[in-house]
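Peer 1: Before I ask anything, let me first share the structure, which is written out below as C-alpha cells.
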Amino acid sequence: MDYKKLGLKSGIEIHQQLDTNKLFCNCPSELRDDEPDTRIKRKLSAVAGETGKIDIAAAHEQKKKRFYAYEAYDNSTCEVELDQAPPRLINEEALRIALQIALMLNAKPVDYVQVMRKTVVDGSNTSGFQRTALIAREGYVETESGRVSIPSVCLEEDAARRITTTKDSVTFRLDRLGIPLVEITTGPEIISPEQAKEVAAYIGMVLRSTGKVKRGLGTIRQDVNVSIKKGTRVEIKGVQDLKSIPDVIENEIQRQLEIINSDKKVDKEVRKANKDNSTSYLRPMPGPARMYPETDLPPIKTTIKGIELPKLLTEQFKEIEEKHKLSKELSQQIVKQGIDLDKYVKKYKNIPVNVIASTLVETPKELKKRFGVEVEDFEKQVQPIFEKLNNDEIPRSAVLEILVEIAEGKKVDYLKYKTASTDEIEAEIKKLVEEKPELNIGALMGVIMGKFKGKIDGKQAMEILRKYK
Amino acid sequence: MYVEKKKISGKEYYYLKASIRKDGKVTTKTIAYLGKGNMSKKELEQAVKKHEKKPLLKDLGAVPGDIVEIRTKTSLEKGILMPSFDENIVFIKLDSGYNIGVEKSNITSVKKTGNSEPVEFPSLTKKQDQSLPGISFIATGGTISSRIDYKTGGVKWLMKPEQLLYLAPDLLDIVKINKIKRPFAIASENMSPKHWAELAKKTAELLNDKKNQGVIITHGTDTLHYTSAALSFMLKNLNKPVVLTYAQKSTDRGSTDTVLNLTCSAKAAVSDIAEVMLVGHAETDDSFCYALRGTKVRKMHTSRRDTFRPINCLPIAKISDGIEIISEHKKTNDEKVVVDTKFEDKIALVKFYPGADPSIIEHHIKEKYKGIVIEATGLGHVATGEAEKNWKDAIKKAIDAGITVCFAPQTLYGRLDPYVYSPARELLDLGVIYLEDMLPETAYVKLGWVLGHEKNKDKIKEMMLENIAGEFNKKISDKTFLY
C-alpha cells in the first residue's frame, strides 16, 4: 500500500499502569482472582455533560438501562473505589513518575495540574466518570521517518475490570479501578504502520526505563487512531501487542477503503481490536463535552525539582555490552532482570564476567529445561557458589550440579566438589597414560573426567594430558 | 509592570504602571498608587508586591467564560478562561477539555478572542399526566439542588428545581407535579431555626391545598435530620406525607443517588403515610429506600448514600417498586394542618467528654440561655463526685437560674437510665430531665420548640417527656441496633 497516496494519518495512545498504590486512595494496585468479599449493585443515569447536553456516547449507553455489579475486597479496596467517599489527595509518587516520564519524552509540565472528571457511562467507573489530569504537553520522540509529537501526557485512574456481562447487567471488579495510568498521546504525524510500531516500541522502552511501571499482561494498552483521505478518524482500542500494530492499521485502512469504494460514509467511531487484528464496532466517538473539574480535589502545583531522569534501557544495554564485552542478548537480559552486574564483578574478581552473567541469566533457564527444577531466590542462593568459585574451591563445571542439589532441597557438601590440585591431576594422568597406552587422547580424557567428576576443569585436564600423550 | 515617579508641587509620588493592549495598540495604564514622599527602595518593593497580586486579567479585559490567548514567558495558551480560586493561578480550559493552571506571574499578556457559549442546563420537557396524584416540591439547597458551575468550576445552586425532574423523568410516571417552591437555596449547615419555621409554613400551605397528596422537600444532608425533627414538631394535625430527600452524590455524575431517592420519595409522597419522613438509600446498592421517622433518624456517615439510619426504631417503610410497611404510622386524613413555629433559639447542645470543663455551663448561664441539652455518657452521666472537674454544681446553678437542663444519650443507641448509678439519681433530683432514647439532635430541636411554647418548669418537663412526634420509642427491639 502507498500510505502517502492514501493520506494515512495515524496517532497512538499508550496507557501504562504505574507500580504504586492507587491514584486517589491508599489501596494497593493489585489484581486478585480470589473470591471477592463484597458485591454491590448500582445503576448509572445519563447526566448532562459540561455543555448541558447529554453526550451522545452517554446516551448510547443509557439506552441499555443496565445494572452494574461491583466486586470489592475488604482489605484491598475501600470506600473510594465504591464511590462512597471522596477521593484522597493525588498519589504524589505516581505524579512524580508521570512527570519523570513526561520529561523523558521532552514534554513540558503544566504549572498547575487540575484533575478533571471525564464522563464514562459504561459502568467501568463507579462514579460515572474517570479522573484524569493533563500533566505535560508539547513533547516529542524522534523516529527513523521523522519527529512525532507528543501533545499530551496525562495521569489518570484505571477503570474497573469487567468480569462478566449478561443481557441486563455487567459485573466489574474494583481491584483495577484507581490504578494510576500514564496516558501518552502522539500527534497524527505517523505516516506508516511500521512507524506506528516503532513509536510505540520506543515509548514502551522509555516507560520501562523508569523501573516504576507495572509489567505483564494488561499493564500496558495501546489504542490506535487511523484516518485516510475521504475516510475519517477511527479510534481502535486495545491493540494486543506491538507486533499487531501494523496489521491493525492496515486492516483498518482496508475497511475504510471498502466503505469509501462503495460510496458510503465512514463513521467516526470507536472500534476494538480483535485477536486476529481485525476490528469491531464498540461505540460512537465520544463528543467533546465530557470533561469538567473534579471539585473534590484542589489544583496541584507541579515541581520537577529533584526528579532525576533514568538512563534509557537502550543506553543501559549498550553500556553493559561495551563495558563487559558481553553479547547483546546477555546484556539486555542483565538490564531487563535488573541485575546489578557491577556489584558481582567487584565482589568476585576471579570469576570472568561472562561466567557471572551467564550463570545469572541462563543457568536458571537451563535448570528448568534440563532438570525440570527451579531455584527460589536464585540471586541469593548462587552467592555461596560464587564465593567458592572465586576462591578456586570448586571448578566451574560443578556449578550446575550444586544448583540442582539446592533446587532439590539437599544440603550441599562443597568438599565433594573440591577442585583437585594440579599435582594430583598430573600424577593421575601420568599414571593412566603409562597403564593404558592403547587409548587415544579422547578416550583418556573421558576416563580422567569420569574419575575427577566435577572436581576438575576440562580445559586444564586437556592441557596436562597433551604433555604426556 | 514598572514604577513611575512623578513630582507634583515639589513632592514625589509613586505609581505602579503597566503596558497593556487596547484596541490593538499598546498603551500604558496606572495599576496603583504606591505612596508619596521619599520612599526607600525597600518600601517601594513592598508597596509593589502588595499590588502585584491584583487581578491582572480584569485589567486586561478578560473575564471567565471568554476565549483567550494567554502568552507566558515560554508559551502561548489558547482556551476558555476559567475562574480561579487562587489569585496566583489562572485556569483555562484547553480544546482537549482539560483545564490547566498557569502561574499568574509568568503571564505576559492576555488577549480576548471571543466569547464561549453560555452553559444551559436542560429542563423538563416531558408532558405531565393529569390523571396521576398531584404533589408539590420544595427545593432548599444542598447537593441535590447543586451542580457544577462550569463557569466558576465550583459547586453552585445553579439548578432550577425543575431541572431535578430532568434527572428522574420516571417521576412523571408516578406523580403529577403541581408546584415547585424555592423559599431559599442554602447549604444545610447554614440553616437555622428560622429556616425551619419558613419551611414549615410553606409545607403546611401545600399540604392544605387539596391538589397535593403530599410534599417532597429536597435538602442538604448535613443537618437534614434536624430539619426533619423540626418539621415533625412544627406541623400539627399532619394529614399527608411530608417527605424529605437528598443527594450524597452530585447530580452532574452518572452515579448520583438522586434518581432512586427521588422516585422512592414520589412513591412515599402519594402513600397513606401521614408522617414527616426522610426517604433515601437503604443500602449502598441502588436497590431500595427506607422511609425513616423524622425524629428518629440521623446522618451516620460523611459520604455514603445510605448515610441516614433509623436510631432506636425500625424504618416506617421499605420502598422499591411498591411500599412495604414496617412500622406503625399515622394514616392520611382530612384534618387541616396547623403550623406552629414558636421557637426559643436561646438553647444549646453541649457534649460532655472526659476532662470537659463545667465552665461551659457557666458560660451559658452568663449568656442567659433558656435551655441546654447535654450529650451525657452511657446511661446518662457527667463528671461528679471525685472528679476533678465536677459538673454537678454547675448544673445545679443552671437549673437554679431557670435553665432547662436535659440529658440525651451520646451513645445514640439505647435508653438513658438514671436509676442504675447513684450520681445520676442525684442529678435527676436536681431537676435534670432524662430524655430516654431521644436523639440529642432531636432533643435540641424539641427543647427549642417546647421553650417557645411554655415557661412553666413543670409543664416544660411534662412536654419534654411527652411523645409528641414519635421522638420516644417505648419499646426498643433488638433488631433496631445498627439497623
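The values are calculated or read from the model by the stated rules, or taken from the named source; none is laboratory data. Just so we're clear, the structure is a prediction, and the values are computed from it rather than from any experiment. Here the Cβ positions follow ideal geometry from the backbone for every residue, glycine too, while neighbour counts run over all protein chains shown.
Peer 1: Could you please let me know if A:Ala85 is among the small types (Gly, Ala, Ser) and in contact with a Cys (Cβ under 8 Å, 6 or more places away or on another chain)?
Peer 2: yes
Peer 1: Just for the stretch A:395-411: of the residues that are free of Cβ contacts under 8 Å to residues at least 40 places away in the same chain and β-branched (Val, Ile, Thr), which one is surrounded by the most Cβ atoms within 10 Å (Cβ to Cβ)?
Peer 2: Among those residues, the one meeting the criterion is A:Ile402.
Peer 1: Output the number of residues of the stretch B:350-365 satisfying the condition of being touching a residue at least 40 places away in the same chain (Cβ under 8 Å) and assigned to a strand (DSSP E or B).
Peer 2: 1
Peer 1: What number goes with the only condition from (1) in contact with a strand residue (DSSP E or B) (Cβ under 7 Å, 6 or more places away or on another chain); (2) surrounded by fewer than 24 Cβ atoms within 10 Å (Cβ to Cβ); (3) within 14 Å of chain A (Cβ to nearest Cβ); (4) not in a loop (DSSP other than H, G, I, E, B) that B:Arg298 does not pass?
Peer 2: Condition not satisfied by B:Arg298: (3).
Peer 1: Out of the residues in the stretch B:83-94 that are in contact with a Lys or Arg (Cβ under 8 Å, 6 or more places away or on another chain) and facing chain A (nearest Cβ under 8 Å), state the one that is surrounded by the most Cβ atoms within 10 Å (Cβ to Cβ).
Peer 2: B:Ile89
Peer 1: I've got another one for you. Which one of A:Arg117, A:Arg137, A:Arg131, A:Arg215 is more than 14 Å from chain B (Cβ to nearest Cβ) and either under 28 Å from A:Leu313 (Cα atoms) or of a type outside the set (A, V, I, L, M) (or both)?
Peer 2: So the residue among A:Arg117, A:Arg137, A:Arg131, A:Arg215 that is more than 14 Å from chain B (Cβ to nearest Cβ) and either under 28 Å from A:Leu313 (Cα atoms) or of a type outside the set (A, V, I, L, M) (or both) is A:Arg215.
Peer 1: Shifting gears a bit: Quick check on this structure: which one of A:Val148, A:Val141, A:Val170 is surrounded by fewer than 20 Cβ atoms within 10 Å (Cβ to Cβ) and under 23 Å from A:Arg208 (Cβ atoms)?
Peer 2: A:Val141
Peer 1: If you don't mind, another one. Kindly check whether there is at least one residue in the stretch B:270-283 that is surrounded by fewer than 22 Cβ atoms within 10 Å (Cβ to Cβ), part of a loop (DSSP other than H, G, I, E, B), within 13 Å of chain A (Cβ to nearest Cβ) and at pLDDT 95 or above.
Peer 2: There is at least one residue in the stretch B:270-283 that is surrounded by fewer than 22 Cβ atoms within 10 Å (Cβ to Cβ), part of a loop (DSSP other than H, G, I, E, B), within 13 Å of chain A (Cβ to nearest Cβ) and at pLDDT 95 or above.
Peer 1: Polar (S, T, N, Q), assigned by TED's automatic domain parsing to the domain that holds A:Asn21 and modelled with pLDDT of 90 or more: does that describe A:Ser145?
Peer 2: So A:Ser145 does not fit the description; no.
Peer 1: Being assigned to a loop (DSSP other than H, G, I, E, B), surrounded by fewer than 24 Cβ atoms within 10 Å (Cβ to Cβ) and without any contact (Cβ under 8 Å) to a residue 12 or more places away in the chain narrows it down to one residue among B:Tyr419, B:Tyr413; which is it?
Peer 2: Exactly one residue qualifies, and that residue is B:Tyr419.
Residues checked against (1) within 16 Å of the chain's Cα centre (by Cα); (2) modelled with pLDDT under 95; (3) at negative phi:
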position	(1), (2), (3)
B:Ile186	yes, yes, yes
B:Val215	no, no, yes
B:Thr218	yes, yes, yes
B:Lys249	yes, yes, yes
B:Leu260	no, yes, yes
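Peer 1: Here is a follow-up. What residue, of A:Ile334, A:Ile351, A:Ile300, is aliphatic (A, V, I, L, M) and under 30 Å from A:Lys118 (Cβ atoms)?
Peer 2: Just one listed residue meets the conditions, A:Ile300.
Peer 1: Within the stretch A:169-219, take every residue that is acidic (Asp, Glu) and modelled with pLDDT under 95 and give me the one that is nearest to A:Gly7 (Cα to Cα).
Peer 2: By that ranking, first place goes to A:Glu189.
Peer 1: Moving on to the next point. Just give me the residues in the stretch B:435-460 being over 29 Å from the mean Cα position of the chain (by Cα) and in contact (Cβ under 8 Å) with a residue 40 or more places away in the chain, in sequence order.
Peer 2: Correct list: B:Lys457, B:Ile460.
Quick grid of which residues meet (1) surrounded by fewer than 17 Cβ atoms within 10 Å (Cβ to Cβ); (2) among the hydroxyl-bearing types (Ser, Thr, Tyr); (3) closer than 30 Å to A:Asp111 by Cα:
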| residue | (1), (2), (3) |
| --- | --- |
| A:Asp223 | no, no, yes |
| A:Asp241 | yes, no, no |
| A:Glu252 | no, no, no |
| A:Lys265 | yes, no, no |
| A:Lys268 | yes, no, no |
| A:Asn274 | yes, no, no |
| A:Ser278 | yes, yes, no |
| A:Tyr281 | yes, yes, no |
